[in-house]
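The block underneath contains the structure these notes are about, expressed in structure tokens.
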Amino acid sequence: QELGRLPQVLVMENVPLIHSQDNLPSFNRWIQSLESMGYKNYWQDLIATDYGIPQTRNRTFMVSILGDYNYSFPKPIPLEKKLKDMLEDNVDEKYFISDKMIQGMINTNFNSYKLESRLQDLNGAVDTLTTATGSRCPHAIPIKNATKKV
């Protein structure tokens with residue numbers, strides 16, 4: 001492609017498995033393809049709690065810059081907020097887990113869906129919350145006064 005038509009900066013965000021042993025050859029081919037177009041690539045795994053967000057979300061970021069530039073990822077900052085600082089005091093009941101779903105989470109044979117594995121300390125950080133289309137517990141919302149068993 002013509003250099004004038006390429007974006008100056010590309011940002012990629014993905015799960016860390018993108019550079020796992022199984023995916024590393026494809027990841028490296030993608031980097032080499034970008035380099036052949038004139039991009040310099042910088043990638044790093046970052047976790048949200050290192051950047052002020054009380055959620056243990058680990059993601060791989062890659063910044064690709066067209067031309068001869070240098071880039072450094074931001075340095076981590078202290079986590080000052082807890083989950084309870086970000087939750088609303090009054091939440092519509094439509095956002096709560098139904099009694100039927102709670103019973104299903106208690107009775108399931110799948111450990112990753114078990115209610116006790118989803119509860120988190122409301123004073124700390126939480127695991128990644130996903131939607132019903134995700135592969136984890138759908139619409140997981142902390143339950144009042146609940147804490148994860150350690």
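Picking from Glu80, Glu88, which residue would you name as being modelled with pLDDT under 90, open to solvent by 30 Å² or more (accessible area, probe 1.4 Å) and either under 14 Å from Met12 (Cβ atoms) or acidic (Asp, Glu) (or both)? Explain how you work it out, then say what you get.
Details: Glu80 fails: modelled with pLDDT under 90.
Result: Glu88 is the single residue among Glu80, Glu88 that is modelled with pLDDT under 90, open to solvent by 30 Å² or more (accessible area, probe 1.4 Å) and either under 14 Å from Met12 (Cβ atoms) or acidic (Asp, Glu) (or both).
Among all residue pairs at least 6 apart or on different chains, which show Cβ distances below 7 Å where the first residue, located in the range 13-34, is more than 21 Å from Arg57 (Cα to Cα) and the second is polar (S, T, N, Q)?
As it stands, the answer is Ile31/Asn41; Leu34/Asn41; Leu34/Ser64, since those pairs meet every condition given.
Look at Asp22 and say whether it is charged (D, E, K, R), touching a helix residue (DSSP H, G or I) at 6+ places or on another chain (Cβ under 7 Å) and not in a helix (DSSP H, G or I). Give the derivation first.
Values: charged (D, E, K, R): yes; touching a helix residue (DSSP H, G or I) at 6+ places or on another chain (Cβ under 7 Å): no; not in a helix (DSSP H, G or I): yes.
Answer is no for this residue.
Regarding Pro25, is this residue open to solvent by less than 60 Å² (accessible area, probe 1.4 Å) and over 18 Å from Tyr71 (Cβ atoms)? Outline the logic, then answer.
Details: open to solvent by less than 60 Å² (accessible area, probe 1.4 Å): no; over 18 Å from Tyr71 (Cβ atoms): yes.
It is false that Pro25 is open to solvent by less than 60 Å² (accessible area, probe 1.4 Å) and over 18 Å from Tyr71 (Cβ atoms).
Filter the range 99-136 for residues that are surrounded by fewer than 11 Cβ atoms within 10 Å (Cβ to Cβ) and polar (S, T, N, Q); which is modelled with the highest pLDDT?
In this case the residue turns out to be Asn107.
Within the set of pairs 6 or more residues apart or between chains, which connect a residue that is under 14 Å from Gln55 (Cα atoms) inside the range 77-96 to a residue that is open to solvent by 100 Å² or more (accessible area, probe 1.4 Å) and assigned to a loop (DSSP other than H, G, I, E, B) with Cβ atoms less than 9 Å apart?
Close Cβ pairs satisfying both conditions: none exist.
The values are calculated or read from the model by the stated rules, or taken from the named source; none is laboratory data. A quick note: this is a predicted structure, and the numbers were derived from the prediction, not measured. Here Cβ is always computed from backbone atoms with ideal geometry, including for glycine, and neighbour counts include all displayed protein chains. Ligands, DNA and RNA are excluded from the accessible area calculation, which covers all protein heavy atoms including side chains. Shrake-Rupley method; radii C 1.70, N 1.55, O 1.52, S 1.80 Å.
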